[in-house]
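S.K.: Handing you a structure now.
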Amino acid sequence: MPRRIVPRAKRSGKMYFNASNVSSNMGLKEITEIVFTNAESYKEIATLILEWIKIRSDRENRGYPRWVTTQELSDYINERLKKRRRSAAYAVIKDYLLPLGILEYRTSESKYVISRDFAGALKRLADAYTKWTA
């Protein structure tokens, strides 16, 4: 079973990117390069988890939004990342993927859902920046 999801303040990290390199045709690896600028291990774990959720959901014909159960994700983390990196995987989920809105945890259904909240937050940030520059 996953660890308790308790919101915490982000301890460190920074997002850095060259604006001219951002494209609407970027894949998951390029996106995680921006989100996890200085954390190679977290970048790799986030990519593995997100790709697996997408593949598993598609294989099971779950439709949109793509999702996996808590138990399925826990089993995958134990199998793929083993004991050594399990705590890092849960840290990535709890400290980055959930707060950023990339993943959503639905307690009542006990499942993780690939969310569009991240895209919405970036659009709101862009709108706020545009208003500020006007």
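S.K.: Report, in listed order, any pair from Lys94/Lys131; Lys29/Lys94; Lys83/Lys111; Lys82/Lys111; Lys54/Lys123 with a Cα-Cα distance greater than 28 Å. Working shown, then result.
M.R.: Numbers: Lys94/Lys131 32 Å; Lys29/Lys94 20 Å; Lys83/Lys111 22 Å; Lys82/Lys111 21 Å; Lys54/Lys123 23 Å.
Checking Cα-Cα distances, Lys94/Lys131 exceed 28 Å.
S.K.: What angle do you read, to the nearest 10 degrees and between 0 and 90, between the alpha-carbon axis of helix 117-133 and the longest principal axis of the chain?
M.R.: Its long axis makes an angle of about 10 degrees.
S.K.: Let me ask something else. Note down the net charge around Val113, summing +1 for each Lys or Arg and -1 for each Asp or Glu among other residues with Cβ under 11 Å from its Cβ.
M.R.: Result for the neighbourhood of Val113: +2.
S.K.: Pairs of alpha-carbon atoms within less than 8 angstrom and 6+ residues apart define the contacts here; what relative contact order does the chain have, in percent?
M.R.: Working: 114 pairs, mean separation 31.4, N = 134.
Relative contact order, the chain: 23 percent.
S.K.: Let me ask something additional. Apply 1/(1 + (r/R0)^6) to the Cβ-Cβ distance of Glu30 and Asp127, taking R0 = 22 Å, and write down the FRET efficiency to the nearest 0.05.
M.R.: Computed FRET efficiency for Glu30 and Asp127: 0.40.
S.K.: Can you tell me the length gained on complete extension of the stretch Arg86 to Thr37, counting 0.36 nm per residue apart and subtracting the Cα distance?
M.R.: On the way: separation 49, 0.36 × 49 = 17.64 nm, distance 2.10 nm.
The Arg86-Thr37 span can extend by a further 15.5 nm.
S.K.: I've got another one for you. What value does the chain have for Rg/Rh, both radii from Cα atoms and Rh as Kirkwood defines it?
M.R.: Answer for the chain: 0.98.
S.K.: Further question: For the chain, what does -39500 (n - 2.57) per DSSP helix run (n ≥ 4), summed and divided by total residues, give at 222 nm, in deg cm²/dmol to the nearest 500? Spell out each step's value before the answer.
M.R.: Working: 5 runs with 63 residues, N = 134.
So the helix-based figure for the chain works out to -15000 deg cm²/dmol.
S.K.: Using amide H atoms built in the peptide plane, which far-off residues or other-chain residues are under 5 Å from Leu98 H to H?
M.R.: Leu103
S.K.: Highest GNM mean-square fluctuation, the chain, Cα pairs closer than 10 Å: which of Lys83, Lys54, Lys111?
M.R.: Maximum fluctuation in the GNM of the chain, among the listed residues, is at Lys83.
S.K.: Dipole magnitude of the chain about its Cα centre, charges +1 at Lys/Arg Cβ and -1 at Asp/Glu Cβ only, in debye to the nearest 20? Before the final figure, lay out the partial values.
M.R.: Details: 26 positive and 15 negative charges, 97 e Å.
For this selection, approximately 460 debye.
Every number in this text was worked out from the coordinates using simple rules, so none of it is lab data. In this text, all values refer to a predicted model and were calculated from it rather than measured experimentally. Quick reminder, even Gly has a Cβ in these numbers, built from the backbone with ideal geometry, and neighbours come from all protein chains shown.
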